[in-house]
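Colleague: This is the structure I have questions about; it appears just below.
The values are calculated or read from the model by the stated rules, or taken from the named source; none is laboratory data. Remember, predicted model here, so these are calculated numbers, not experimental data. Cβ placement follows ideal geometry from the backbone for every residue including glycine, while neighbour counts extend to all protein chains displayed. Accessible surface is based on the protein model in full, side chains and every heavy atom, while ligands, DNA and RNA are left aside. Shrake-Rupley method; radii C 1.70, N 1.55, O 1.52, S 1.80 Å.
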Amino acid sequence: MDASLVLIQFLNGMQLGVLLFLLASGLTLTFGIMDFVNLAHGSLYMIGAFFCASLTFWTGSFVWGLLLAIPCTALVGLAVELSVIRHLYARDHLDHVLATFGLILCFDTLTQLIWGPEGISVPLPDVLDGQVTLLPGIVFPTFRLVIILGGLLVAGGLYWLVNHTKLGMLIRAGASNRTMVGALGIDIQTLFTAVFALGAVLAGLAGMLIAPITEASIGMGNEIIITAFVVIIVGGIGSMKGAFIAALLIGLIDTMGRSFLDDLFKLVMSTEAAETSAPAVSAMLIYILMAVVLAIRPQGLFPPKVR
Amino acid sequence: MADVSTTDPAGGARKLSVASWFMVACLVALAVIPVAIYAGGNAFWLDIATRLVVLSIAAVSLNLILGFGGMVSFGHAAYLGIGAYCVGIPTYHALFGEFELIATNSGIFHVILAVIVSAVFALITGAICLRTKGVYFIMITMAFGQMIFYLFVSLETYGADDGLVITSRSEIPGIDMDNPLAFYFLCYGSLLAVIYLVHRIVNSRFGMVIQGAKGNEDRMRSLGYSTYVYRLAAYVIAGAICGYAGALLGNFTSFISPDMMDWAASGELMFMVILGGTSMVFGPVIGAALFLLLEQLLSAFTVHWHLPFGIMLILTVLFVKGGISGLLARMGRSNG
Amino acid sequence: MASTLLETQELQKRFGGVTATDHVSLQVEEGECHAVIGPNGAGKTTLIAQLSGMLAPDAGTILFNGKNITQLTAQRRSHMGLARSFQITSVFMGLTVLDNVALAVQAHTGHSFHFWRPARQDQALRAPAMEMLEKVRLQDRANDLASEMSHGERRQLEIAMALATGPHLMLLDEPMAGMGPEETARMVETLKSLDGITMLLVEHDMDAVFALADRISVMVYGRLIATGSPAEVRANEEVRQAYLGEAA
Ligand SMILES: Nc1ncnc2c1ncn2[C@@H]1O[C@H](COP(=O)(O)OP(=O)(O)OP(=O)(O)O)[C@@H](O)[C@H]1O
Ligand SMILES: [Mg+2]
């Protein structure tokens, strides 16, 4: 294990963590405020990626593609909220889970019908496509660095939104006291719709940012959404701060585990044993972390104070 | 086992007759129709029926915790996978050597292994999941299911995400597992046994406790019940039964892969339970049947059958309360 | 003088800025019916929740029969002889009346890891359950679903369930809540007939309280402001101002 590899994997872990935060923040908002569980959150991530891909080809620029994909994803979020989601708020979680599971099936098939079964790779402009030299001898892809910085920027924006704006005040009031929001004369239904659309945009943005690295593909949201669940479970469902810290933690642990666990294992066991067991353990690492956190704190690391 | 358990036996006296006749009719149909078609030279429907019966066992086990215990587990397919790999891995080693301890084709061993490993996994994960409630429980069961999924994806020896071919089925004395009819009746008999077992459990003292804890856990604790241990026991029983179903499934498909325990598979199991209705032990069998029929029908029209299926799922949730057996129960009530 | 069955010392519970139980020290004597009255939001339900073990106090101790039970779980306390009824009716709607009570009996007849024998044919559960139903005069409705009962009958059922656990002390959270005058009278009669069982009764219905209580404690904003015989409490100036005044 040399230091430069550790630094690079650290940054890769940060990049994953930031994406996880974009997904988890929307989940935790919809849960904290509407008490709603959205399995189809990963579908919005996928939709964001596909919109971004198409719009990048249409405009000829990834930046424009991304900027235009954001309102498109918001519209999809709105449509879903208005047609299905809002009828479910009053139902129990089992109904949320089943209906949004149905939504996933619809989204996956519709996406396939529109964009075809193959993934679409998204080209980056030259400025973003290169590498930057961080330290002498250590280079890192520019775009990944952009993801990290962009994600942190969004996190800062969310922090500001939740803590210093009227919408944020409503969000916090909604999370702690529904009737109070009603008493303030604010239309709670509109608030819910807005929050859902915001969550959709955040998830879509994560998809847009990852698309140039992986590619936009059918079902891409269905794997990462579970990791995002682990994030909000560990962080404490409903807590923005918890989502942020847990997202970075899990991004780092997952990435570092996959790259360095076999080296660690080799210190205590034979090379052969390490090479067979390390992949298995690193595949389960974040779930083991989740189990440990829950065993100690069933409500997660930062449970929201008022629910 | 003429009577089906219901959560409310009083109304039961009336609706029991409708529901239990329906159940008997279904079970007889399951024993006769696929076999008759098979005898007529068409093997396809026996295949479907075998899958139906095996998935029904899994769904009935899920309903024990979901319907009767109120534990919304979204990771139940993991046990199907565990059970299947408990067949696949020993037969793999029986063929290619290593791990002599478990290398065998013995079906009895496979089943015992599947049940024990599933029970242990349920015990460990259940002990953690059941400390939490509501959404936490749903997501954590889902995450643990996915953990097992990734575990098998990472196991190169057993084919990773390409899966593993089971070259020879489990050997059970007295049963020719390669004969489709014999195998079908093994599965069918297992389903009857599992329905009866769950029926007895649900109506026993233990069953009353888990149903009470579903209704109002605080009430149960103030009556003096340590609900946690009873729920955990139910969780373990359900996992063990589903592990058994997994062992059958592994034998049936002869090809196993992590995909069978993907969370989409758990979602399908859950859908079967809800569709069939959670208030009767037998309900999930109807749900599984409807699910497989739907799958056949829709996929005959279009390869994109997930779309109409997804829409139906959403509409079911929005408009049908209590699923099919809930409908049946309501029918029985208004008739009676 | 009878001995003290239940005692709280400086019991404290806060919810954010609200102090729901503020240094509450209370004694319930063996055999008495001790009423706790107070306006809405005074903290009566919170007190019962702490006594029954559903809520952990922030500070203070609870003694039952001289033993410190502050840290014990609700189920342990139930087995020591503490039973409670809930302000919001908590019966099992999907079960019959008899099943409801049988479930309560079952909690106190050994463990429930019996997976095979049908519980509904178990005379060891059914017979005592029927007896409890007779005590609250619901025996005729034994086989009806709890969901088919009237509100008043469900409240009676709730009492039968608490009784079925064989309690020394019953914590009753507004058993008459939402009842008409006739149902209330029936409930008063039921509770009167349960001699030998100590009761901590939270109730808003003053007629019922004065009919049943041997002693009354008055709770306002989480604090006990007075304890005494019904006559003493009625005469207490502070109580009149804080509570009875506005009720009258
Ligand atoms: N779980 C909780 N979280 C936050 N605040 C609570 C909680 N439970 C009770 N409170 C608050 O504590 C105070 C006391 O409530 P409690 O229910 O004990 O009152 P009460 O005397 O039973 O009232 P009532 O006569 O209406 O039943 C109230 O201000 C209530 O809002
Ligand atoms: Mg109260």
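Colleague: Could you check, for the range C:99-121, whether at least one of its residues is open to solvent by less than 50 Å² (accessible area, probe 1.4 Å), touching a Lys or Arg at 6+ places or on another chain (Cβ under 6 Å) and either within 16 Å of ligand 2 (Cβ to nearest atom) or over 30 Å from residue B:280 (Cα atoms) (or both)?
Modeller: no
Colleague: Sticking with this one: Kindly indicate whether any position in the range B:229-236 is β-branched (Val, Ile, Thr), at pLDDT 95 or above, buried (at least 23 other Cβ atoms within 10 Å of the Cβ) and in contact with a Leu (Cβ under 8 Å, 6 or more places away or on another chain).
Modeller: No, the conditions are met nowhere in the range B:229-236.
Colleague: Would you please list the contacts, defined by Cβ atoms under 6 Å and residues six or more apart or on different chains, that run from a residue in the range A:85-97 that is part of a helix (DSSP H, G or I) and buried (at least 19 other Cβ atoms within 10 Å of the Cβ) to a residue that is at pLDDT 90 or above and not aliphatic (A, V, I, L, M)?
Modeller: Sorted first by the residue in the range A:85-97, then by its partner, the list stays empty.
Colleague: Which one of C:218, C:233, C:239, C:209 is within 16 Å of ligand 2 (Cβ to nearest atom), under 23 Å from residue C:10 (Cβ atoms) and open to solvent by less than 20 Å² (accessible area, probe 1.4 Å)?
Modeller: Just one listed residue meets the conditions, C:218.
Colleague: Return the only residue of C:174, C:182, C:189 being within 15 Å of ligand 2 (Cβ to nearest atom) and among the charged types (D, E, K, R).
Modeller: Selected residue: C:174, the only one of C:174, C:182, C:189 that is within 15 Å of ligand 2 (Cβ to nearest atom) and among the charged types (D, E, K, R).
Colleague: Do the conditions hold for residue C:128, that is, is it buried (at least 17 other Cβ atoms within 10 Å of the Cβ) and within 19 Å of residue C:107 (Cβ to Cβ)?
Modeller: Criteria met by residue C:128.
Colleague: Test residue C:21 against the stated conditions and say whether it is under 16 Å from the mean Cα position of the chain (by Cα), touching a residue at least 60 places away in the same chain (Cβ under 8 Å) and within 15 Å of ligand 2 (Cβ to nearest atom).
Modeller: So residue C:21 fails the test.
Colleague: Looking at this structure, is residue B:206 open to solvent by less than 40 Å² (accessible area, probe 1.4 Å) and at pLDDT 90 or above?
Modeller: yes
Colleague: For the range B:141-156, which positions are more than 7 Å from chain A (Cβ to nearest Cβ), within 11 Å of residue A:284 (Cβ to Cβ) and more than 19 Å from the chain's Cα centre (by Cα)?
Modeller: B:152
Colleague: Report the residue count in the range B:83-138 for those that are more than 14 Å from every other protein chain (Cβ to nearest Cβ) and either among the β-branched types (Val, Ile, Thr) or at positive phi (or both).
Modeller: Qualifying residue count for the region: 12.
Colleague: Then there is this: So how many residues does the range C:26-61 have that are in contact with a Leu (Cβ under 8 Å, 6 or more places away or on another chain), within 14 Å of chain B (Cβ to nearest Cβ) and more than 12 Å from ligand 2 (Cβ to nearest atom)?
Modeller: Residues meeting the conditions: 4.
Colleague: How many residues are within 14 Å of chain A (Cβ to nearest Cβ) and outside any helix (DSSP H, G or I) if we restrict to the range B:246-278?
Modeller: Of the residues in that region, 3 qualify.
Colleague: In the list C:161, C:176, C:170, C:149, which residue meets the criterion of being out of contact with any His (no Cβ under 6 Å at 6 or more places or on another chain), away from chain B (no Cβ under 14 Å) and either touching a residue at least 24 places away in the same chain (Cβ under 8 Å) or within 16 Å of ligand 1 (Cβ to nearest atom) (or both)?
Modeller: Going through C:161, C:176, C:170, C:149 in turn, just one is out of contact with any His (no Cβ under 6 Å at 6 or more places or on another chain), away from chain B (no Cβ under 14 Å) and either touching a residue at least 24 places away in the same chain (Cβ under 8 Å) or within 16 Å of ligand 1 (Cβ to nearest atom) (or both): C:176.
Colleague: Can you find a residue in the range B:40-47 that is within 16 Å of the chain's Cα centre (by Cα) and farther than 14 Å from residue B:286 by Cα?
Modeller: Among the residues of the range B:40-47, not one is within 16 Å of the chain's Cα centre (by Cα) and farther than 14 Å from residue B:286 by Cα, which makes the answer no.
Colleague: Could I ask something else about it? Would you mind listing the strands (runs of 3 or more DSSP E) fully within the range C:1-87 where at least 1 residues are near ligand 1 (Cβ under 9 Å from one of its atoms) and open to solvent by 10 Å² or more (accessible area, probe 1.4 Å)?
Modeller: C:4-15, C:18-29
Colleague: Please go through (1) within 23 Å of residue A:35 (Cβ to Cβ); (2) open to solvent by 20 Å² or more (accessible area, probe 1.4 Å) for residue A:268 and return the number of the only condition it doesn't satisfy.
Modeller: It is condition (1) that residue A:268 fails.
Colleague: Residue C:112 - would you say it is at the interface with chain B (Cβ under 9 Å from one of its Cβ atoms) and either over 21 Å from residue C:214 (Cα atoms) or away from ligand 1 (no atom under 16 Å from the Cβ) (or both)?
Modeller: yes
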